[in-house]
1. Looking at region 8-18, is at least one residue at pLDDT 90 or above and closer than 27 Å to Leu68 by Cα?
2. Can you tell me which residue is nearest to Trp62 (Cα to Cα) among those in region 100-140 that are small (Gly, Ala, Ser) and surrounded by fewer than 18 Cβ atoms within 10 Å (Cβ to Cβ)?
3. Return the total of residues in region 61-70 being over 14 Å from Leu22 (Cβ atoms) and touching a residue at least 12 places away in the same chain (Cβ under 8 Å).
4. Might you check whether a residue that is polar (S, T, N, Q) and within 17 Å of the chain's Cα centre (by Cα) occurs anywhere in region 106-122?
5. Given the conditions (1) surrounded by 19 or more Cβ atoms within 10 Å (Cβ to Cβ); (2) in the same structural domain as Gly96 (by TED's automatic domain parsing), report the number of the one that Arg77 does not fulfil.
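The values are calculated or read from the model by the stated rules, or taken from the named source; none is laboratory data. Computed from a predicted structure; not experimentally measured. Cβ placement follows ideal geometry from the backbone for every residue including glycine, while neighbour counts extend to all protein chains displayed.
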Amino acid sequence: MQSMLKLIALVRRREGRWLNYLLASALALGSDAGLFLLLLDAGLGPVPASATGYCAGILVHWVISSRLVFADGAAARGTGERHRQKLLFVGSALVGLGVTTAIVGGGSALGIDPRLAKLAAIVVSFQTTYLLRRHIVFRAASA
């Protein structure tokens, strides 16, 4: 019976982490898109506005992920390990960007509506970055 309770607690913790990550991703996406639109309205070109929004989204995601979602695996502030985690986090974001670009580009080349390809890319990229961050960036969190 105690083993079953431990298993239930583990599943709950993992599902809770995934749901918290989903919320963090939604907030980061909102930050990204909101800043993008504000910068476009202010007259900035689409490419720099997009890049700035994306970077802001990464920053928002880092703050939420390191302080809420994976707090148990985040290294202490000001340490070399924390710096390493930040670099890995940005690396995982770039992997997500690559996955998204590949899926949208591949889908478009196959004649798939780019909006549908982007939706598929969001799902795959989300899960890819979650797994990278859970198992590599904040590896102690999954123990």
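1. Initial filter on region 8-18 (at pLDDT 90 or above): 17-18.
From the residues that got through so far, the ones that are closer than 27 Å to Leu68 by Cα too are 17-18.
Within region 8-18, one or more residues are at pLDDT 90 or above and closer than 27 Å to Leu68 by Cα.
2. Here the answer is Ala140.
3. Result for region 61-70: 2.
4. no
5. Only one criterion is unmet by Arg77, namely (1).
Okay, residues lined up against (1) assigned to a helix (DSSP H, G or I); (2) of a type outside the set (Gly, Ala, Ser):
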| residue | (1), (2) |
| --- | --- |
| Val47 | yes, yes |
| Thr52 | yes, yes |
| Ala56 | yes, no |
| Ile64 | yes, yes |
| Ala76 | no, no |
| Gln85 | yes, yes |
| Gly98 | yes, no |
| Gly107 | yes, no |
| Thr129 | yes, yes |
